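The values are calculated or read from the model by the stated rules, or taken from the named source; none is laboratory data. Keep in mind it's a predicted model, so treat the numbers as computed, not measured. Cβ placement follows ideal geometry from the backbone for every residue including glycine, while neighbour counts extend to all protein chains displayed. Calculation scope for accessible area: heavy atoms of the full protein, side chains included, ligands and nucleic acids excluded. Shrake-Rupley method; radii C 1.70, N 1.55, O 1.52, S 1.80 Å.
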2 protein chains.
Amino acid sequence: MPRPSRRDHLIETAITLFCEHGYHATGIDRILAAAGVSKKTMYVYFRSKEELIYAALRQYDGVFRNNFMKAVEAASDTPKGKLLAIFDVAEVWFGDNQFFGCMFINAVGEYSEKDSPVREISKQFKKLLRYYVVSLAKEAGADDADELADELCLLLEGAIVTAQVSDDTKAASIARKMAVLAIEDAVG
Amino acid sequence: MPRPSRRDHLIETAITLFCEHGYHATGIDRILAAAGVSKKTMYVYFRSKEELIYAALRQYDGVFRNNFMKAVEAASDTPKGKLLAIFDVAEVWFGDNQFFGCMFINAVGEYSEKDSPVREISKQFKKLLRYYVVSLAKEAGADDADELADELCLLLEGAIVTAQVSDDTKAASIARKMAVLAIEDAVG
DNA sequence: TTCAACAGAAACAGATCTGTTTCCTTATGT
DNA sequence: ACATAAGGAAACAGATCTGTTTCTGTTGAA
């Protein structure tokens, strides 16, 4: 039974490189060099590059949502405040030098087959993040928590892409302002 | 002096394949086979694959914005109606079987270098589309046309990504509903 | 008809990619 | 101390990629 540390380190390195350079553009050798792991060892843990991609996406899914939820919880005590904190947390994220957009959005751009595991994992990620927003929307007393969550999630997607493509540092605050309108409309 | 038709056909074919499969995953040979053009001829018009990518993005920039603006103009007579028509036009776009998200968003996901031509062209596209929305916002009598345009453009980005990644057919109408709120807030 | 330019087909070069295998070193447990 | 397993380094195979070149046919104009 192999120790998990090597496998995890490989996944962490892969996440970083896939985020920055994309999936097809990131060769196995580059990941291995960055991780300081031999090719032989990698192929013990992952039977192919595809499997490493899936593992990286699944790992990031958990880690990102966990960090995101924790940051939101820490940013505010009130339900309504937490809904808005989503965009404050996003703003910090966008300001990171290592911000290259959403790993899942970028992944779907490279893998267009409808039933591809990449798309399934990405869709699942967005679904799970939405569940969390739905729960916050319920706590905030929204008339239709699902609808409000749809709106806030769409705003977040828009902010991510605007920050990434248009290189707009105001993206998070633009989204936040609209979030105020959406929340008022939904809770009123 | 070469006839432009071959060059244009090559660009059109490249756009289709880059949209569906991405940039790194689309090899030259695949484009050439689909276009029915020889490699030799291609390298007369484009000195490298990179140049073909730039040409495809620049061509799509013009064609897409032109079609988009025409569709918006045709959908409504009033300024406010045109602002909302953005999302009706988007809905039709998302419903297309050949919808694979925004070519520029996908491109930026694959080319992360800050000063890359791909990023420059993509940023320029978003900027030009925003100029159009600003002009519509001015016509609609927005207090701050720039701010409203920022908001509506962010909603459009969010709708595109939500339709693409979450495979959500409601994406356009969710964005449209928020657009109503934003317009009311801005014109009030 | 003849000549020149064009363009397709295909071979080719060189690089890079994924994935396998071999060889050797280094730990670790008995 | 010795046997065994793990893992690095690197060669290797086979595929694929970009870009060049060569050869051949075809077309259009003088």
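For every other residue with a beta carbon closer than 11 angstrom to the beta carbon of residue B:121, add +1 if it is Lys or Arg and -1 if Asp or Glu, then tell me the sum. Working shown, then result.
On the way: positive: B:58, B:119, B:123, B:126, B:127; negative: B:61, B:120.
After counting each charged neighbour, the total is +3.
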Let me confirm one metric for peptide A:100-109, namely the mean number of other chain beta-carbon atoms within 10 Å of its residues' beta-carbons.
6
What does the buried accessible surface come to for A and B, summed over both chains, with the probe at 1.4 Å? Round to 100 Å².
3600 Å²
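Less than 14 Å Cβ to Cβ from residue A:21, Lys/Arg counted +1 and Asp/Glu -1: what total charge do the surrounding residues give?
Details: positive: A:30, A:49, B:114, B:119; negative: A:20, A:29, A:110, B:110, B:113.
Result for the neighbourhood of residue A:21: -1.
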Give or take rounding to whole Å, what are the principal axis extents of the alpha carbon atoms in the range A:57-187, in descending order?
39, 30, 23
Contact-by-burial set, the range B:154-188, min loss 40 Å², accessible area of protein heavy atoms with 1.4 Å probe, reference chain alone, gives B:154, B:157, B:161, B:164, B:165, B:166, B:167, B:174, B:177, B:178, B:181, B:185
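Please give the FRET efficiency for residue B:97 paired with residue A:116, using the beta carbon to beta carbon distance and R0 = 22 Å, rounded to the nearest 0.05.
Details: r = 17 Å, r/R0 = 0.76.
The calculated FRET efficiency here is 0.85.
Which pairs in the list A:127/B:177; A:80/A:126; A:82/B:170; A:177/B:70; A:126/B:170 are over 23 Å apart, alpha-carbon to alpha-carbon?
Details: A:127/B:177 21 Å; A:80/A:126 21 Å; A:82/B:170 25 Å; A:177/B:70 30 Å; A:126/B:170 15 Å.
As for pairs spanning more than 23 Å Cα to Cα, those are A:82/B:170; A:177/B:70.
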One decimal, nm, nearest first: from residue B:67 to the same residue in each other copy, label points 7 Å out along Cα→Cβ, the values are 3.8
Put a dot 7 Å past each Cα toward the Cβ at residue A:135 and residue B:138; how far apart are the dots in nm?
4.8 nm
Counted charge near residue A:130, where neighbours are those whose Cβ lies closer than 9 Å (Asp, Glu -1; Lys, Arg +1):
0
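Counting each DSSP H run of 4 or more residues in chain A as -39500 (n - 2.57), what helix-only mean residue ellipticity at 222 nm follows after dividing by all residues, to the nearest 500 deg cm²/dmol? Don't skip to the answer; put the middle values down first.
Numbers: 9 runs with 146 residues, N = 188.
Value at 222 nm, helices only: -26000 deg cm²/dmol.
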For the range A:47-52, take each phi angle, set θ = phi - 60°, evaluate the Karplus expression 6.51 cos²θ - 1.76 cosθ + 1.60, and give the result in whole Hz per residue in order, putting x for glycine and proline.
6, 6, 4, 3, 5, 5
Residues of the range A:19-57 with amide N under 13 Å of a point placed 7 Å along Cα→Cβ from residue B:30
A:24-25
On each of the three principal axes of the Cα atoms of the protein assembly as shown, give max minus min coordinate, whole Å, ordered largest first.
65, 59, 33
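What percentage of the solvent-accessible surface of the range A:57-187, computed with a 1.4 Å probe over protein heavy atoms, is contributed by carbon and sulfur atoms? Intermediate values should be presented prior to the final figure.
Working: 2590 of 5300 Å².
C and S fraction of accessible area: 49 percent.
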How far apart, in nm, are the 7 Å Cα→Cβ label points at residue B:124 and residue A:67?
3.4 nm
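What does the structure give for B:22-28 when I average, per residue, the other chain Cβ atoms found within 10 Å of the residue Cβ? Please report the intermediate quantities before stating the final value.
Working: counts 10, 5, 7, 7, 1, 0, 0.
Neighbouring Cβ atoms belonging to other protein chains average 4 per residue here.
Tell me the relative contact order for the range A:57-187 as a rounded percent, counting alpha carbon contacts under 8 Å between residues six or more apart.
Details: 127 pairs, mean separation 38.0, N = 131.
Contact order relative to length: 29 percent.
Using DSSP to call loops (not H, G, I, E or B), can you name the trypsin sites (Lys or Arg not before Pro) in the range A:118-188 whose Cβ has at most 12 other Cβ atoms within 10 angstrom? The partial results should precede the final answer.
On the way: sites: A:119, A:123, A:126, A:127, A:130, A:138, A:170, A:176, A:177; in loops: A:170.
Those that pass, being in a loop and sparsely packed, number zero.
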The range B:25-89 - Kirkwood radius from inverse mean 1/r over Cα pairs (Å)
14.3 Å
